[in-house]
Amino acid sequence: MANFDNLSRENFGSRIGVIAAAAGSAIGLGNIWRFPYVAGENGGGAFLLIYIGFIILIGAPVMLSEFVIGRKSQRNPVGAFRVLAPKTKWPLVGYIGIAAAFTILAFYTTVAGWTLEYLYLSIVNGFSGQNKSELQNLFGEFAASGYSPLIWQLVFMLLTALIVFKGVKDGIEKYTKILMPLLLIIIIGLCIRSLTLPGASEGLIFLFKPDFSKINGNVVLQALGQSFFSLSIGMGTLITYGSYISKKDNLGSTAVSVSIADTLIAILAGVAIFPAVFAFGIAPEAGPGLVFITLPMIFSQITGGQFFEIIFFILLVIAALTSTISVLEVVVAYLTEELNMSRKKATILASGSIAVLGLFCTLSMGPMPELSIAGMNLFDILEKTSANIFLPLGGLFIVLFVGWKLSKEQVIDEISNNNLLKVRFKYVFLFIVRFIAPIAISLVFLNGLGLFNAFGGGDL
Ligand code: TRP
């Protein structure tokens, strides 16, 4: 068995730093912006239940699989498969990941740009006195306006590129350790305010009471896609971060902690949003604008709301940033390690080309309606295909690789740090990555795409 330990590579400094960095990647707009609106569009309670099931059964094991591949190979996603499975087609999985990084960042930076505008608006008190329909118009007109969303998107991309250029490992660890708990506190505050609004209970019922009549193949696929998206799995982000984890860290407990933290924040975001959605009479299926309409409404109901609103949007921007850097890092690690580019050149090339795709994404929201197919604009297409196609597909290959291509001993050695750790769940994990996860992902995937009609497929 080859030994890759002799490569001199920077590592995350501490155990808590590893969790902070991986949680920083996982916790982002996926939790606070995407989770509430996708849950809203897919019926609430039943969606949440399936979502949590997927996190436990598939998500956390895929995350651990990515850590195993990354730390064992000490490489970016393409290089990882190349060194662990030489002279095979496996590196293609890494290339799917690189493609996914492009599609994810393109639309993600559009939304991240919106959060910058909303931070700006909260600083200048731009929401004051606005009622629901005014806030709805404000969001709709802004997102479709072209020019200023574009500028904010570019600013965000630039910030991401600057951090990635300086090296992910020093910065992220330091900041996420402090900022993530702060974000948690503000969200809990928002939950409390939202829960004390008149009519709040309806929102809780929507979120927590499963209505199984709403489930179809499409809802299940959306839940799978959202669980992958939210955990940052399926494209090699956590292979890359895994390669920076020290050989002494416990990969399994890291994967579990990160999965729990990520799920907790998503549920809390739901608890903050849905009571308010019902209290203010906003449609749960309002789409990507849901939180941008709901949150300013909640803040307007809080004494000193503007202050908390500013802090909240600052934290949201940072949460988004710790996610975008983790995606860009995948492309940069690939370019530097596989194509021997300098970090500077790699960062410029990667962020520049993604920015071009991102611009079209933003323009498809308004000024360029021709950028759409079958009623979905480029933004929707990239958002849906990355979460519901690229990530599950990547995840499927990742578990197949760990379950069937690596040997049982290799996997156990990696998760137990060569038997220094006692890992109780190792056989459960092996069983999941060999059988449960690949079968479940394939079924959900085929059924959701309508290719396989066992329990009523749906449209994407
Ligand atoms: N998980 C992040 C969020 O919820 C987004 C993200 C970062 C991501 N890296 C990823 C999604 C890799 C998929 C794959 O905001």
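Structural remarks
- Taken as a whole, the structure places residue 445 among residues that are of a type in the set (Phe, Trp, Tyr), open to solvent by 20 Å² or more (accessible area, probe 1.4 Å) and modelled with pLDDT under 95.
- Here region 1-52 is the region considered, the condition is being β-branched (Val, Ile, Thr) and more than 16 Å from the ligand (Cβ to nearest atom), and the residue that is modelled with the highest pLDDT is 50.
- Residue 299 being more than 24 Å from residue 228 (Cα to Cα), assigned to a helix (DSSP H, G or I) and open to solvent by 10 Å² or more (accessible area, probe 1.4 Å): no
- Qualifying residue in region 269-288 (condition: modelled with pLDDT under 95, within 24 Å of residue 389 (Cβ to Cβ), part of a helix (DSSP H, G or I) and within 16 Å of the ligand (Cβ to nearest atom)): yes
- Close pairs (8 angstrom Cβ cut-off, 6 or more residues apart or separate chains): more than 14 Å from residue 355 (Cα to Cα) in region 96-108, more than 10 Å from the ligand (Cβ to nearest atom) and not in a helix (DSSP H, G or I) anywhere: none
- Candidate set from region 86-128 (those that are among the charged types (D, E, K, R) and open to solvent by 30 Å² or more (accessible area, probe 1.4 Å)); member that is farthest from the ligand (Cβ to nearest atom): 87
- Residue 251 falls short on exactly one of the conditions (1) within 16 Å of the ligand (Cβ to nearest atom); (2) at pLDDT 90 or above; (3) open to solvent by less than 20 Å² (accessible area, probe 1.4 Å), and that condition is (1).
- Considering residues of region 196-234 that are in a loop (DSSP other than H, G, I, E, B), within 20 Å of residue 32 (Cβ to Cβ) and of a type in the set (A, V, I, L, M, F, W, C) only, the residue nearest to the ligand (Cβ to nearest atom): 233
- One residue from 204, 190, 197 being open to solvent by less than 20 Å² (accessible area, probe 1.4 Å) and either of a type in the set (S, T, N, Q) or over 22 Å from the mean Cα position of the chain (by Cα) (or both): 197
- Some residue of region 106-127 being over 24 Å from residue 28 (Cβ atoms) and assigned to a helix (DSSP H, G or I): no
- Counting only helices (runs of 4 or more DSSP H) that sit wholly inside region 314-400, those with at least 3 residues that are within 26 Å of residue 140 (Cβ to Cβ) and either open to solvent by 30 Å² or more (accessible area, probe 1.4 Å) or within 12 Å of the ligand (Cβ to nearest atom) (or both) are 343-363, 378-385.
- Note on region 401-425: residues that are closer than 17 Å to residue 59 by Cα and surrounded by fewer than 16 Cβ atoms within 10 Å (Cβ to Cβ) total 1.
The values are calculated or read from the model by the stated rules, or taken from the named source; none is laboratory data. It should be emphasised that the depicted structure is a prediction, and the values quoted were computed from it without experimental measurement. Cβ sites come from the backbone with ideal geometry, for glycine too, and all protein chains shown count toward neighbours. For the accessible areas, the whole protein counts, side chains as well, though only heavy atoms, and no ligand, DNA or RNA atoms are used. Shrake-Rupley method; radii C 1.70, N 1.55, O 1.52, S 1.80 Å.
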